[in-house]
Amino acid sequence: MAALPPYAGLGERVWWYSFRVICGLIFLFLILPILIIIPLSFNAEDFFTFTPGMLAFDAEAYSLKHYVTFLTDERWTRAVQNSFMIAPAATLLSTALGTLAAIGLSQGTMPYKGAIMAVLISPMIVPLIISAAGMYFFYSRIGLQGTYAGVILAHAVLGTPFVIITVTATLVGFDRSLTRAAANLGAGPVTTFFKVQMPLILPGVISGGLFAFITSFDEVVVVLFVGAQQQKTLPWQMFTGLREQISPAILAAATILVTFSIILLATVEILRRRSERLRGMSPG
């Protein structure tokens with residue numbers, strides 16, 4: 001954000017500082033519910049509120065027992081294993097399909113691009129409960145309801161639009177003359193894609209894959225419809241813990257998920273900036 005110029009008038013200075021205060025308050029409003037969860041996860045008692053000892057910063061009021069429960073309880077560990085089994089598989093599938101779709105849609109000779117794009121990104125627009133119900137009835141008919149394959153395919157459907165949008169944005173600044181030059185030198189379409197096009201759009205592909213991974217890893221509505229007890233993921237276990245048995249281990253799980261998401265989003269931002277530098281859109 002540009003600095004305030006020295007010749008700015010009183011009104012400009014008031015707006016300059018007011019704008020920053022408003023942005024700070026909005027940021028605090030958005031981030032405060034997440035920040036409250038983190039210290040609560042270290043509560044030595046089985047409560048979801050701050051105890052007098054925690055407010056007094058008493059060392060005995062803080063404990064790692066909820067993290068120990070999260071890391072040792074079979075219900076939580078099985079849910080984590082399922083999440084790390086389903087999310088990577090769904091990410092690979094959605095990344096492959098989304099990248100190919102984005103490349104096809106970026107071609108100038110592609111007919112009905114607008115209609116096709118609208119259909120492909122519709123899982124982002126349609127209410128999730130409607131998509132989940134539709135997937136339930138469809139997968140039940142073809143025998144995929146209650147299977148790992150069904151959950152992976154369902155999550156791949158939800159993650160593919162993120163890959164399409166991210167890769168399409170990356171292809172906007174792609175120089176088509178590079179692929180034509182490779183073709184003139186005798187390279188085939190596959191060689192041109194992997195040797196010329198893919199290295200330049202790779203940051204966008206990885207960013208889209210990370211968004212697809214986050215979508216699959218945090219998703220709970222679709223897996224409730226499509227999955228069975230054997231496919232219970234970490235968000236599903238957290239939902240069950242809130243509904244059936246109030247366990248403070250949920251706070252530890254939430255803190256770990258928040259940390260994990262922050263790392264992934266920071267990676268996405270680094271890749272976005274690298275993609276802009278490769279395409280010459282950023283002086284950095």
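The values are calculated or read from the model by the stated rules, or taken from the named source; none is laboratory data. Everything numeric here is computed off the predicted structure, so don't read it as measured data. As a convention, Cβ positions derive from the backbone with ideal geometry for all residues, glycine included, and neighbour counts pool all protein chains shown.
See the values below:
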| read-out | value |
| --- | --- |
| Residues located in region 223-274, provided they are within 17 Å of I37 (Cα to Cα) and of a type in the set (S, T, N, Q) | S247, T255, T259, S261 |
| Set I201, I130: member being within 24 Å of F225 (Cα to Cα) and in the same structural domain as L224 (by TED's automatic domain parsing) | I130 |
| Residue within region 62-79 that is assigned by TED's automatic domain parsing to the domain that holds V151, surrounded by 15 or more Cβ atoms within 10 Å (Cβ to Cβ), touching a His at 6+ places or on another chain (Cβ under 9 Å) and at pLDDT 90 or above present | no |
| Of all residues in region 168-189 being surrounded by 15 or more Cβ atoms within 10 Å (Cβ to Cβ) and aliphatic (A, V, I, L, M), the one that is nearest to L100 (Cα to Cα) | L171 |
| Residue among I263, I246 that is outside any helix (DSSP H, G or I), out of contact with any helix residue (DSSP H, G or I) (no Cβ under 8 Å at 6 or more places or on another chain) and either assigned by TED's automatic domain parsing to the domain that holds V157 or touching a residue at least 40 places away in the same chain (Cβ under 8 Å) (or both) | I246 |
| Enumeration of residues in region 14-42 that are among the polar types (S, T, N, Q) and either exposed (fewer than 13 other Cβ atoms within 10 Å of the Cβ) or at pLDDT below 85 (or both) | S18 |
| Scan of region 57-80 for residues that are touching a residue at least 24 places away in the same chain (Cβ under 8 Å) and under 23 Å from the mean Cα position of the chain (by Cα), ordered by number | F70, W76, R78, A79, V80 |
| Pair list, Cβ under 8 Å, 6 or more apart: region 113-124 residue without any contact (Cβ under 8 Å) to a residue 40 or more places away in the chain, other residue surrounded by fewer than 14 Cβ atoms within 10 Å (Cβ to Cβ) | I116/M110 |
| Qualifying helices (runs of 4 or more DSSP H) (wholly inside region 179-237; at least 2 residues being of a type outside the set (S, T, Y) and farther than 29 Å from F70 by Cβ) | 189-192, 198-218 |
